[in-house]
Amino acid sequence: MTTRSTGGTTRREFCKTAAIGAAGTLALPAIHTWAKTDADDSIVGVDGHQYRVDHQWAQLPDKYHWQTSHNVAVGSDGLIYVIHEGRYDLKDHPAIFVFDADGKFVRAFGEQFQGGGHGIEAKQTAGDDELYVCAYKEQRSFAKLQPNGEQIWRKGAPMESGYYHEGEDQHPRAQGDSPWGRDRFLPTNIAFHPDGSFYVADGYGGWRIHHYDADGNYVSSFGQPGDKKKADGTFNTPHGVWIDSRGDQATVVVADRANARLQWFTLDGKHLRTQDGFLLPANIDTFGELMLVPDLVGRVTLLGGDNKVIAHLGDNSEQMKADSRKAIRGDESRWQTGKFVHPHDACFDADGNIYVAEWVATGRVTKLTRLS
């Protein structure tokens, strides 16, 4: 892995603070009732950073079914929120499931995101948490919700930026209107500026990072679609975004997925450094000095404070690269205990445990319980 250089609180930042204080369009899937076995207790990681794997952690009631899982977030109360893409033709089915730390089901909501549910974050406030959701495809928008699912606001593309095709601020998308292109709005993830404003990564559409004030009003954008030269500050699927507060000054870090790299920027969007050596990095999280990077090619990478690799957790990348990734994704008989298929998002809780959401039609959220 090579590095080159050019010069309010989220649930993840809540986890970081707690860590420092404590230690310094697919067919409808069948309903699954998972049965745990002794084989579930595999251990991943290296000395000092080991985790017990539980792929069957989340227990879903029979009245709901797993959909294509996308992202996961942890609230300041320890509740875990899982968002699914969902099916546009199943408008009455919730896209968001909520579980406690033991995997017990708590509630479900988010029917308005069916057909496009993607990113989810929990922001700690003086009162209850606030949930922020990104949706793509038919649902092209981002929204702010209360933790019980009540919607506060929902917004489409920032038309004042000048980057988007007419109508990209409307949702749901009109039937027959292609969602794809650099003038389309397909937001994927959200990160929170230390002053309470936030960033939205348009990872599948305009390939830019947009900055909004705390009320959701557009402020500015940075980055632009790149070419094969992979110039710093340009993107090819900027799928994930996060605030890296591990250094002396907070920075914005972007998972530039199809370019297989992370890029760091100042809070106002000036490029600082680029780190290569990933496969398809999908998002970022931090816990103390650790950085977590879920990678779609079958692994979750753990970095230290120096951004060097500590471990590739659940590494199944060789099989994923050698075989048809699509075939493995859809064939549960080829999934191995302790190995990942398509990690799409991952995050820490306040105790340093890790939750991994994989991009699979039958839905899978794995809990990695911290052992050391």
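The values are calculated or read from the model by the stated rules, or taken from the named source; none is laboratory data. Quick caveat, the model's predicted, so the values are computed rather than measured. Note that we place each Cβ from the backbone using ideal geometry, even for glycine, and neighbour counts take in every protein chain shown. Each accessible area value is taken on the protein alone, full model and side chains, heavy atoms only, with ligands, DNA and RNA left out. Shrake-Rupley method; radii C 1.70, N 1.55, O 1.52, S 1.80 Å.
Evaluated with a Cβ-only charge set (Lys, Arg +1; Asp, Glu -1), segment 323-372 carries a dipole of roughly 160 debye about its Cα centre, given to the nearest 20.
Phi-derived couplings, Karplus 6.51 cos²θ - 1.76 cosθ + 1.60 at θ = phi - 60°, listed residue by residue for segment 326-340: 5, 5, 5, 4, x, 10, 5, 5, 9, 7, 10, 4, x, 10, 9 Hz, with x used for Gly and Pro. When you count the other C-beta atoms within 10 angstrom of each residue and take the mean per peptide, 260-268, 275-283, 182-190 line up highest first as 182-190, 275-283, 260-268. Provide, for q = 0.21, 0.24 Å⁻¹, the log10 of I(q)/I(0) from a solvent-free Debye sum over equal Cα point scatterers in segment 229-277. The Cα Debye sum returns log10 ratios of -0.65, -0.83. Centre-to-centre, using Cα atoms only, segment 107-137 and segment 255-272 are separated by 24 Å. Ligands, DNA and RNA left out, the accessible area of the chain computed with a 1.4 Å probe is 47% carbon and sulfur.
Taking the DSSP beta bridges in segment 43-188 as the whole, what percent of them are antiparallel, to the nearest 5?
About 95 percent, rounded to the nearest 5.
Spatial offset of segment 191-223 relative to segment 282-317 amounts to 24 Å, using the alpha carbon center of each. Taking every lysine pair in segment 29-158 that is 8 or more places apart or spans two chains, those with Cα atoms closer than 23 Å amount to 12. Each Lys and Arg contributes +1 and each Asp and Glu -1, all at the Cβ; summed about the Cα centre of segment 78-123, the dipole is approximately 60 debye.
For segment 90-198, the mean projected area of the C-alpha convex hull, equal to one quarter of the hull surface, is 8.2 nm². Measuring between their Cα centroids, segment 328-372 and segment 51-73 lie 9 Å from each other.
Between the residues Ile209, Gly149, Trp264, the greatest Cα displacement towards the positive end of the dipole of segment 139-273, with unit charges on the Cβ of Lys, Arg, Asp and Glu, is found for Trp264.
Sort the following peptides by mean Cβ neighbour count (other Cβ atoms within 10 Å, averaged over residues), highest first: 157-169, 345-357. Please list the in-between numbers first.
Working: 157-169: 17.4, 345-357: 24.4.
So the peptides 157-169, 345-357, ranked by packing, come out 345-357, 157-169.
Under the convention that each Lys and Arg Cβ holds +1 and each Asp and Glu Cβ holds -1, the size of the dipole of the chain around its Cα centre is about 860 debye. Report summary: the helix-based calculation at 222 nm, which adds -39500 (n - 2.57) for every DSSP H run with n ≥ 4 and divides by the residues of the chain, gives -1500 deg cm²/dmol.
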